[in-house]
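Student: Below is the structure I would like to discuss, written out as structure tokens.
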């Protein structure tokens, strides 16, 4: 037994932890949980916990349903919202096959494989997400069918006595109590919309943190009599919720994206990484923007990037290179602005990183940076500049992903097929629906 496992067992005993929750995700990033008695934790470390994988979306086929959940002791945390008595803790799990091999269908393992490839190329990947969400008065819509936000605040607004202010303070305190470092938090542009930015960490830890973050935000909201949603576009007239993520690659202690004196201080490695993301973005958009509603955000304005482009401090670009600060070469990074807050972070980071690594491997050439506001250009101007559109709908994104050679390599055939199957079913359900929009527009005149 290693030291981390010993620490977990000792902490469970000393803190009188009564329940140990084992967490993992399905193929679309829904959190799964099973509570383990403290006496069973040591056995779970050694042998894993058996469960029926065929009942989890995308995890196993019926004829190979037996799976094992192996807790990762490095992810052990006490869950503060469960109270001080009869304490509850959690650990993330790796999913194994019955013979102890990593499951090809485990989203966490997909990201681990991609990070292992980066390590083979000499890189460590760090990520820093900016997570947006809406805080609503309740899950129930108002009389007009639209959600009801907790306030009418706007970007960076300080709302005296505001619900969101108290909410963010409680949420940040709770996040830090489970080991998630927060950089800053503020009111976003939409009414009731908030943003909390997590401090940079390695990509696997960030993905684990995002799953915990969503749970904390929803728990705090319920405690305060409100409702938090990570739906990409809950309001027609207000901005959607993105999860802009900053990426940097390090070679040892050196930032591989920084080159003093180069244009925007960007190294050739960084330029090839961006080129890889742009070249393959239409293939992975179904993963980074996985719901029908995601495309209402991408094409609904409100600073959502809709075209393949990159730029220096250009917020209309899909990939943004933040402003360089003299003497801060270690902070050189790129920001991908397309991903939304409802993505499966394990798969989303795997495809983004995998596309960037492909660009480095193949020596992709980066086109010229976009200096204009891309949203204000005409279609002809965008075409002339090479700013091709991202998929316009989940259907288009599915088609692009189906034709990709790179995505099954990154995701593995099993995750690739299960993910597409899930998304095809969602699109089929959606296109059969008669919406309120159609009834309001057509029923009285047709």
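Student: Have a look at 39, 35 and point out the one that is without any contact (Cβ under 8 Å) to a residue 60 or more places away in the chain, assigned by TED's automatic domain parsing to the domain that holds residue 84 and either farther than 28 Å from residue 104 by Cβ or part of a helix (DSSP H, G or I) (or both).
Tutor: Answer to the check: 39.
Student: Tell me which of these residue 116 doesn't satisfy, since it passes every other one: (1) outside any loop (DSSP other than H, G, I, E, B); (2) touching a residue at least 60 places away in the same chain (Cβ under 8 Å); (3) more than 26 Å from residue 182 (Cα to Cα).
Tutor: It is condition (2) that residue 116 fails.
Student: Next question. Name the residues in the stretch 239-261 that are over 20 Å from residue 205 (Cα atoms) and within 21 Å of the chain's Cα centre (by Cα), would you?
Tutor: Matches in the stretch 239-261: 239, 240, 241.
Student: Count, please, the residues in the stretch 119-134 that happen to be surrounded by 19 or more Cβ atoms within 10 Å (Cβ to Cβ) and either more than 18 Å from residue 339 (Cα to Cα) or in contact with a helix residue (DSSP H, G or I) (Cβ under 7 Å, 6 or more places away or on another chain) (or both).
Tutor: Looking only at that region, the number is 6.
Student: For the stretch 209-220, does any single residue satisfy the condition of being surrounded by 16 or more Cβ atoms within 10 Å (Cβ to Cβ), more than 25 Å from residue 348 (Cβ to Cβ) and either outside the structural domain of residue 341 (by TED's automatic domain parsing) or touching a residue at least 40 places away in the same chain (Cβ under 8 Å) (or both)?
Tutor: No, that holds for no residue.
Student: In addition: Kindly indicate whether any position in the stretch 379-390 is assigned by TED's automatic domain parsing to the domain that holds residue 123 and under 30 Å from residue 30 (Cα atoms).
Tutor: Within the stretch 379-390 (the criterion being assigned by TED's automatic domain parsing to the domain that holds residue 123 and under 30 Å from residue 30 (Cα atoms)), the answer is yes, since at least one residue qualifies.
Student: Can you pull out every residue in the stretch 277-297 that is part of a helix (DSSP H, G or I) and either in contact with a strand residue (DSSP E or B) (Cβ under 8 Å, 6 or more places away or on another chain) or surrounded by fewer than 24 Cβ atoms within 10 Å (Cβ to Cβ) (or both)?
Tutor: Passing the criteria: 277, 278, 279, 282, 283, 288, 294, 296, 297.
Student: Among the residues of the stretch 299-317, which ones are buried (at least 18 other Cβ atoms within 10 Å of the Cβ) and touching a strand residue (DSSP E or B) at 6+ places or on another chain (Cβ under 8 Å)?
Tutor: Across the stretch 299-317, the qualifying residues are 304, 306, 307, 308, 309, 310, 311, 314, 317.
Student: Residues to consider are 267, 294; find the one that is assigned by TED's automatic domain parsing to the domain that holds residue 346 and within 30 Å of residue 425 (Cβ to Cβ).
Tutor: 294
Student: Restricting to the stretch 369-396, count the residues that are out of contact with any helix residue (DSSP H, G or I) (no Cβ under 9 Å at 6 or more places or on another chain), at pLDDT 80 or above and surrounded by fewer than 18 Cβ atoms within 10 Å (Cβ to Cβ).
Tutor: Count: 0.
Student: Here is a follow-up. Is the stretch 238-255 home to any residue that is assigned by TED's automatic domain parsing to the domain that holds residue 435, in contact with a helix residue (DSSP H, G or I) (Cβ under 6 Å, 6 or more places away or on another chain), closer than 23 Å to residue 193 by Cα and in contact (Cβ under 8 Å) with a residue 24 or more places away in the chain?
Tutor: So far as the stretch 238-255 goes, yes, one or more of its residues are assigned by TED's automatic domain parsing to the domain that holds residue 435, in contact with a helix residue (DSSP H, G or I) (Cβ under 6 Å, 6 or more places away or on another chain), closer than 23 Å to residue 193 by Cα and in contact (Cβ under 8 Å) with a residue 24 or more places away in the chain.
Student: Which pairs do you get when a residue that is free of Cβ contacts under 8 Å to residues at least 24 places away in the same chain, found in the stretch 77-104, comes within reach of a residue that is part of a helix (DSSP H, G or I) and surrounded by 13 or more Cβ atoms within 10 Å (Cβ to Cβ), reach meaning Cβ atoms under 6 angstrom, with the pair 6+ apart or on two chains?
Tutor: The qualifying pairs are 102/109.
Student: Could you figure out which of (1) touching a strand residue (DSSP E or B) at 6+ places or on another chain (Cβ under 7 Å); (2) in contact (Cβ under 8 Å) with a residue 12 or more places away in the chain isn't true of residue 177?
Tutor: Among (1) touching a strand residue (DSSP E or B) at 6+ places or on another chain (Cβ under 7 Å); (2) in contact (Cβ under 8 Å) with a residue 12 or more places away in the chain, residue 177 violates only (1).
Student: Is it the case that the stretch 93-112 has a residue that's touching a helix residue (DSSP H, G or I) at 6+ places or on another chain (Cβ under 8 Å), modelled with pLDDT under 90, in a helix (DSSP H, G or I) and on the phi < 0 side of the Ramachandran plot?
Tutor: No, the conditions are met nowhere in the stretch 93-112.
Let's see how each residue does on (1) closer than 29 Å to residue 249 by Cβ; (2) in contact with a strand residue (DSSP E or B) (Cβ under 6 Å, 6 or more places away or on another chain); (3) in contact (Cβ under 8 Å) with a residue 60 or more places away in the chain:
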| residue | (1), (2), (3) |
| --- | --- |
| 337 | yes, yes, yes |
| 348 | yes, no, yes |
| 355 | yes, no, yes |
| 390 | yes, no, yes |
| 399 | no, no, no |
| 424 | no, no, no |
| 429 | no, no, no |
| 440 | no, no, no |
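The values are calculated or read from the model by the stated rules, or taken from the named source; none is laboratory data. All values derive from a computational prediction rather than experimental measurement. Here Cβ is always computed from backbone atoms with ideal geometry, including for glycine, and neighbour counts include all displayed protein chains.
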